[in-house]
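Each reported figure results from applying straightforward, stated rules to the coordinates on display, with no laboratory input. Remember, it's a predicted structure, so these values are computed and weren't measured experimentally. Glycine also receives a Cβ, built like all others from the backbone with ideal geometry; neighbour counts cover every protein chain displayed.
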């Protein structure tokens, strides 16, 4: 009986330890508030080889979340609906979004760190997680939802 239990426990441990996660759209996002101009203040995470890469990725994640997923965590003030409702729009307009989200790309016009508070600077050491060769950082950003929507309408990605 003990051998059977021990064997089952070892098999369960092995199965759990080899499980992999789909990392395409797995990042944490939390709504912290909505400004009068319609922009949304978010707490978002990014993963990279160093702090700079992780912060850059977090900004991309913030804009991508507002565009394609909507915000479902945090305060209830944020718009839970994504800007782009079209199914698989990111794949359909892949050429457009590859240029839009490239490093130093146009997405930076719609995300700012205006709301990055001093307390976050001290908390970053606690919130930094090292896993293998990557670093995970949480930052506070503001995403201009209305300007993003206007840009996509002007570029014929969205229709009025």
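At a 10 angstrom cut-off on C-beta neighbours, averaged per residue, how do the peptides 54-65, 103-114 rank from highest to lowest? List each step's numbers first, then the result.
Working: 54-65: 22.2, 103-114: 14.9.
Those peptides, ordered most packed to least, come out 54-65, 103-114.
Report the full-extension gain for the segment residue 35 to residue 80: residue separation times 0.36 nm, less the Cα-Cα distance, to one decimal in nm.
Working: separation 45, 0.36 × 45 = 16.20 nm, distance 1.51 nm.
Length difference between fully extended and current span is 14.7 nm.
Evaluate E = 1/(1 + (r/R0)^6) for residue 109 and residue 72, where r is the Cβ-Cβ distance and R0 equals 30 Å; express this FRET efficiency to the nearest 0.05.
Numbers: r = 25 Å, r/R0 = 0.83.
E between residue 109 and residue 72, to the nearest 0.05, is 0.75.
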